[in-house]
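All remarks here apply to the structure that follows.
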Amino acid sequence: MNIIQVNQSPIDVNSLITWLYESPTDGAVVTFMGKVRSFENQVISLTLEHYPEMTEKVLGNIINQARGRWAINRVAIVHRVGKIYANESIVFVGVSAAHRSDAFATTEFIMDILKNEAPFWKKEQTVSGQNWVKAKESDLNALKKWY
Amino acid sequence: MNKIIFFAQTRELVGVDKLELAVDQMAISQLLEQLSLRGNKWSLALKEKTVLCAVNQTLVNYDYIIQEDDEIAFFPPVTGG
């Protein structure tokens, strides 16, 4: 079972964890949250844009790829768009599985692929103005461990 | 007819969010060349290797040959998560 959500509202972590926790045959629930980091208090907010029709397709494909690699049960990917302030969460990934190694690997895999393939773009509002966030070399390098 | 859409910095540079053009049977690289003739901001935004292309919501290479009714999107490297 999958939950894929892209919307503007704050992420309801409690209900996601409750859903991930439900299956009695799963011994592991791993979650990751990415949040807006304000480096030296410079970043006030981020505005996230996306390509709606493509986003859901890409996120669904990432989960399908993960299901081909690991024995996992429930997977939730929730990504916010619109304006998000410093210290608020941007993305939630949660995975349930019989065993923790599959849940840990899937969570990391999903984030690594999402960072490089899901069509989201961040514009940063800082104390000195606005700018588009540049893609990082380190995110591209992170793919190497999976392919 | 093809819908050509732009996102993020690419959209801001070219100044429009979509175009309707008949460009089927053309390679993506040829379409990029043709659009770049519209001006400096277009050629800057659509520079090969820096702009990504998706056709019908799937990433493609520049040698993809456009088909009738394909939806073509151009955008910079993604920065979500």
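The values are calculated or read from the model by the stated rules, or taken from the named source; none is laboratory data. Computed from a predicted structure; not experimentally measured. Glycine also receives a Cβ, built like all others from the backbone with ideal geometry; neighbour counts cover every protein chain displayed. Quick note on the areas: whole protein, heavy atoms, side chains included, nothing else; ligands and nucleic acids left out. Shrake-Rupley method; radii C 1.70, N 1.55, O 1.52, S 1.80 Å.
A few notes on this one:
- Any chance B:Val16 is part of a loop (DSSP other than H, G, I, E, B), in contact with a strand residue (DSSP E or B) (Cβ under 9 Å, 6 or more places away or on another chain), surrounded by fewer than 16 Cβ atoms within 10 Å (Cβ to Cβ) and more than 14 Å from chain A (Cβ to nearest Cβ): yes
- For region A:20-37, the candidate set comprises residues that are crowded, with 17+ Cβ neighbours inside 10 Å and out of contact with any His (no Cβ under 8 Å at 6 or more places or on another chain); within that set, the residue that is farthest from B:Glu12 (Cα to Cα) is A:Asp26.
- Listed by first and then second residue, the pairs with beta-carbon distance under 8 Å, at least 6 apart or on different chains, first residue in region A:39-58 and touching a residue at least 12 places away in the same chain (Cβ under 8 Å) and more than 14 Å from chain B (Cβ to nearest Cβ), second in a strand (DSSP E or B) and of a type in the set (A, V, I, L, M), are A:Ser45/A:Ile84.
- Matching residues in region A:57-109 - criterion: being part of a helix (DSSP H, G or I) and among the β-branched types (Val, Ile, Thr): A:Val58, A:Ile62, A:Ile63, A:Thr106, A:Thr107
- Each residue in region A:59-78 was checked for being within 12 Å of another protein chain (Cβ to nearest Cβ) and either more than 25 Å from A:Glu88 (Cα to Cα) or over 12 Å from the mean Cα position of the chain (by Cα) (or both), and 2 pass.
- Between A:Lys134, A:Lys144, A:Lys115, the distinction of being under 23 Å from B:Leu52 (Cβ atoms), open to solvent by 40 Å² or more (accessible area, probe 1.4 Å) and part of a loop (DSSP other than H, G, I, E, B) belongs to A:Lys134 only.
- B:Thr50 out of contact with any Asp or Glu (no Cβ under 9 Å at 6 or more places or on another chain), hydroxyl-bearing (Ser, Thr, Tyr) and part of a helix (DSSP H, G or I): no
- Within region A:98-112, restricting attention to residues that are over 13 Å from the mean Cα position of the chain (by Cα) and open to solvent by 70 Å² or more (accessible area, probe 1.4 Å), the residue that is nearest to A:Ser45 (Cα to Cα) is A:Phe104.
- Flag for B:Asp24 being farther than 30 Å from A:Arg80 by Cα, touching a residue at least 12 places away in the same chain (Cβ under 8 Å) and open to solvent by 20 Å² or more (accessible area, probe 1.4 Å): yes
- Selection within region B:27-45 - in contact with a strand residue (DSSP E or B) (Cβ under 6 Å, 6 or more places away or on another chain) and either assigned to a helix (DSSP H, G or I) or open to solvent by 50 Å² or more (accessible area, probe 1.4 Å) (or both): B:Ile28
- One residue stands out among those in region A:104-116 that are out of contact with any strand residue (DSSP E or B) (no Cβ under 7 Å at 6 or more places or on another chain) and not hydrophobic (A, V, I, L, M, F, W, C): the one that is nearest to the other protein chains (Cβ to nearest Cβ), which is A:Lys115.
- A single entry from A:Asn2, A:Asn14, A:Asn61 fulfils the requirement of being under 22 Å from B:Ala54 (Cα atoms), at pLDDT 95 or above and open to solvent by 60 Å² or more (accessible area, probe 1.4 Å): A:Asn61.
- Filter result for the condition that a residue is in contact (Cβ under 8 Å) with a residue 24 or more places away in the chain and within 11 Å of chain B (Cβ to nearest Cβ), over A:Lys145, A:Lys83, A:Lys136, A:Lys122: A:Lys122
- On the stretch given as region B:62-81, residues that are at positive phi and within 14 Å of another protein chain (Cβ to nearest Cβ) total 1.
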